[in-house]
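This report concerns only the one structure given below.
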Amino acid sequence: MTFSLFFQSLINGLNLGATYALIALGYTMVYGIIRMINFAHGDFIMIGAYTLFYTVPLMVSAGMPAWLAVGAAILVCALVGVLVETFAYRPVRKAGPMSALITALAMSIFLQNLAMVLFGSRPHNVSAIFSLPSVSVAGVTVSLNVVLTIVIGLAIMLGLQLFVQKTKLGKAMRAVPQDRDASTLMGINVNRIITVTFAIGSALAAVAALMYCTTYPRVTNDMGTTMGMKAFIAAVLGGIGVIPGAMLGGVLVGLIEVFVRLFAPGWYEAVTYATLIVILLVKPSGILGRSAGEKV
């Protein structure tokens, strides 16, 4: 492998990994609060991508920068996330994990089919969001669009970690899963914290849609299924429920996919799943996860 090919693959892997990491953060935040896997989370990326498809041309025609469309995507995804939590997940929250799992799968199917009815099944091409030039580094041509999306992803991940660790709301988000009853007695509105968590996770999916569409400007009604599954693998690989674990898992999955494609293009998904199995055999809680005893 030449240095130029390695460097180009590294950039591509970090770009894809940062996208997976942002999606994985949505999974891990919801799981960390209510111990539920929101399988509809991948479809929020699809919603964000369709929002970009319609709002980017509007921004450009109004004489505004195209990247401002991400604000609309964040608002739409956050709103959808709150509505899904309020009307679909909250009523079955106390019915047991199986009911919540079935509801999440049903919501994913519902969102995909709703998108197909509204937008059709054919792919839509998203207009260019960033128009940055390419630069040559050590003989390798690197798109500054890709570099910018990596920087955006890393900045948001670090900002989210600081938010959860340092702010009053972030501390409440960490308190609720530890002891919900004690949190209520301390004046924390548990339903509000859960709703805010869904809103933040869904907003992260909108940013992930921005990053994905910058590199792969194509949106379909089922795009969230594959992206969501890869991000779920990343969350479990890093340690689901642990924010730094979601970041690490996302980057690892992105790098594994890109580098395996160089040598065995048809095996990259198999290697990704095999890596997850090996890690879980060695450390069932994930790379950064911690095994916790269950209270009885």
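Of all residues in the stretch 210-222 being part of a helix (DSSP H, G or I) and open to solvent by 20 Å² or more (accessible area, probe 1.4 Å), which is modelled with the highest pLDDT? For the stretch 210-222, the residue satisfying everything is Tyr212.
Contact map, the stretch 118-129: first residue in contact (Cβ under 8 Å) with a residue 12 or more places away in the chain and open to solvent by less than 80 Å² (accessible area, probe 1.4 Å), second residue assigned to a loop (DSSP other than H, G, I, E, B) and not β-branched (Val, Ile, Thr), Cβ cut-off under 6 Å, separation 6 or more or different chains; pairs are Val126/Pro217.
Residues checked against (1) in contact (Cβ under 8 Å) with a residue 24 or more places away in the chain; (2) in contact with a Ser or Thr (Cβ under 9 Å, 6 or more places away or on another chain); (3) surrounded by fewer than 13 Cβ atoms within 10 Å (Cβ to Cβ):
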{"residue": "Leu101", "(1), (2), (3)": "yes, no, no"}
{"residue": "Pro133", "(1), (2), (3)": "no, yes, yes"}
{"residue": "Ser136", "(1), (2), (3)": "no, no, yes"}
{"residue": "Val146", "(1), (2), (3)": "yes, yes, no"}
{"residue": "Phe163", "(1), (2), (3)": "no, no, no"}
{"residue": "Lys168", "(1), (2), (3)": "no, no, yes"}
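The listed residues are Val253, Val258, Val271, Val207, and the only one of them that is part of a helix (DSSP H, G or I) and either open to solvent by less than 10 Å² (accessible area, probe 1.4 Å) or touching a strand residue (DSSP E or B) at 6+ places or on another chain (Cβ under 8 Å) (or both) turns out to be Val253. Does Ile287 count as open to solvent by less than 80 Å² (accessible area, probe 1.4 Å) and either under 30 Å from Leu75 (Cβ atoms) or touching a His at 6+ places or on another chain (Cβ under 6 Å) (or both)? No.
Can you pull out the residues in the stretch 36-57 that are open to solvent by 10 Å² or more (accessible area, probe 1.4 Å) and either in a helix (DSSP H, G or I) or touching a Gly at 6+ places or on another chain (Cβ under 8 Å) (or both)?
Pass one, the stretch 36-57, residues open to solvent by 10 Å² or more (accessible area, probe 1.4 Å): 36-37, 39, 47, 51, 53-55, 57.
Passing the criteria: Phe39, Ile47, Thr51, Phe53, Tyr54, Thr55, Pro57.
Selection of the stretch 231-244 for residues being in a helix (DSSP H, G or I) and either among the hydrophobic types (A, V, I, L, M, F, W, C) or crowded, with 22+ Cβ neighbours inside 10 Å (or both) yields Ala231, Phe232, Ile233, Ala234, Ala235, Val236, Leu237, Gly238, Ile243. A single member of Ile200, Ile156 is touching a residue at least 60 places away in the same chain (Cβ under 8 Å), within 18 Å of the chain's Cα centre (by Cα), assigned to a helix (DSSP H, G or I) and more than 27 Å from Ala88 (Cα to Cα), and it is Ile156.
For (1) within 22 Å of Thr215 (Cα to Cα); (2) surrounded by fewer than 19 Cβ atoms within 10 Å (Cβ to Cβ); (3) within 17 Å of the chain's Cα centre (by Cα), each residue gets a yes or a no:
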site	(1), (2), (3)
Thr28	no, no, yes
Tyr31	no, no, yes
Met64	yes, yes, no
Phe87	no, yes, no
Ser108	no, no, yes
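The values are calculated or read from the model by the stated rules, or taken from the named source; none is laboratory data. Since the model is a prediction, treat every value here as computed from it, not as a measurement. Ideal geometry is used to build each Cβ from the backbone, glycine not excepted, and the neighbour counts take in all protein chains shown. Keep in mind that these areas ignore ligands, DNA and RNA; they rest on the heavy atoms of the full protein, side chains included. Shrake-Rupley method; radii C 1.70, N 1.55, O 1.52, S 1.80 Å.
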